[in-house]
Amino acid sequence: DAGVTQSPTHLIKTRGQQVTLRCSPISGHKSVSWYQQVLGQGPQFIFQYYEKEERGRGNFPDRFSARQFPNYSSELNVNALLLGDSALYLCASSQGGGGNTIYFGEGSWLTVV
Amino acid sequence: AQSVTQLGSHVSVSEGALVLLRCNYSSSVPPYLFWYVQYPNQGLQLLLKYTSAATLVKGINGFEAEFKKSETSFHLTKPSAHMRDAAEYFCAVSITGTASKLTFGTGTRLQVTL
């Protein structure tokens, strides 16, 4: 079975632009979460979606938004990009519920110039 | 709110030596605890997880961790380091009701020398 897949793997954007990152969870997983990992730091929780509903939001500005589709795939959108948004964006999927194993994708490297 | 503290941002061991990576957690309710490994330019791979079934948890690649409630610790160990173990290691915590929200530590970079 395929793992968590993310696209694109690398992208470069200019300050002020908008970006959309995509994620396909492991088959059968209904929960998708997004994390931001700035170089040299641990991942920071951005959003969690379960059954197409937002179940959690981290301490990120409203420029960050996400959604989950009926097939459980997900998109993360970031508007009005800042240099500080440069990071590895990780998508994770699980069956939902505390204690379930959370699987991560390879991530999307975003560079804002 | 839950949190994780990883002591030591860099740890260096000789090949064949014991690996010990330290993690202390803070949680007002019984936690779930995880160790993930990240190789350069890659995503996170789960090494092991604690979900209250057993305090000593065995994971992949010869790693194990012991949950000690009295010390609020979940240290990661491996009896004999191998060159391929060189990577970044993250300890993470989640709690019941927050589903997939993981709170990560700042990471420990493991260097293995000949």
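Each row is one residue, and each column tells you yes or no for (1) modelled with pLDDT of 90 or more; (2) more than 16 Å from B:Ala92 (Cα to Cα).
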| residue | (1), (2) |
| --- | --- |
| B:Ser28 | no, no |
| B:Leu44 | yes, no |
| B:Glu66 | yes, no |
| B:Glu71 | yes, yes |
Name the pairs whose Cβ atoms lie under 7 Å apart, with the first residue in region B:6-32 and over 22 Å from A:Gln41 (Cβ atoms) and open to solvent by 70 Å² or more (accessible area, probe 1.4 Å), the second of a type outside the set (S, T, N, Q) and assigned to a strand (DSSP E or B), and 6 or more positions between them or separate chains? B:Glu15/B:Val112
Which pairs have Cβ atoms under 8 Å, sit 6 or more apart or on different chains, and link a residue in region B:49-73 that is free of Cβ contacts under 8 Å to residues at least 24 places away in the same chain and on the phi > 0 side of the Ramachandran plot to one that is among the hydroxyl-bearing types (Ser, Thr, Tyr) and open to solvent by less than 50 Å² (accessible area, probe 1.4 Å)? B:Ser52/B:Tyr32
Scan (1) loosely packed, with under 13 Cβ neighbours inside 10 Å; (2) within 12 Å of chain A (Cβ to nearest Cβ) for the single condition B:Thr55 breaks and write down its number. (2)
Scan region A:61-103 residue by residue and report those that are under 24 Å from B:Gln38 (Cβ atoms), in a loop (DSSP other than H, G, I, E, B) and over 14 Å from the mean Cα position of the chain (by Cα). A:Gln95, A:Gly96, A:Gly98, A:Gly99, A:Asn100, A:Thr101
Hey, which of the strands (runs of 3 or more DSSP E) in region B:12-114, taking only ones fully inside, have at least 2 residues that are among the polar types (S, T, N, Q)? B:19-26, B:73-78, B:108-113
From the list A:Glu106, A:Glu54, pick out the single residue that is within 12 Å of another protein chain (Cβ to nearest Cβ), under 14 Å from the mean Cα position of the chain (by Cα) and exposed (fewer than 14 other Cβ atoms within 10 Å of the Cβ). A:Glu54
Sole miss for A:Gln37 among (1) under 21 Å from B:Tyr36 (Cα atoms); (2) open to solvent by less than 50 Å² (accessible area, probe 1.4 Å); (3) more than 13 Å from the chain's Cα centre (by Cα) is condition (3)
From the option list A:Ser24, A:Ser86, A:Ser65, A:Ser74, single residue qualifying as more than 10 Å from chain B (Cβ to nearest Cβ) and touching a Cys at 6+ places or on another chain (Cβ under 6 Å) is A:Ser74
B:Val4 versus (1) in a loop (DSSP other than H, G, I, E, B); (2) within 14 Å of chain A (Cβ to nearest Cβ): which is the lone unmet condition? (1)
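The values are calculated or read from the model by the stated rules, or taken from the named source; none is laboratory data. Owing to the predicted nature of the structure, the values given are computational and were not obtained by experimental measurement. Quick reminder, even Gly has a Cβ in these numbers, built from the backbone with ideal geometry, and neighbours come from all protein chains shown. Side chains included, ligands, DNA and RNA excluded: accessible areas come from the protein's heavy atoms. Shrake-Rupley method; radii C 1.70, N 1.55, O 1.52, S 1.80 Å.
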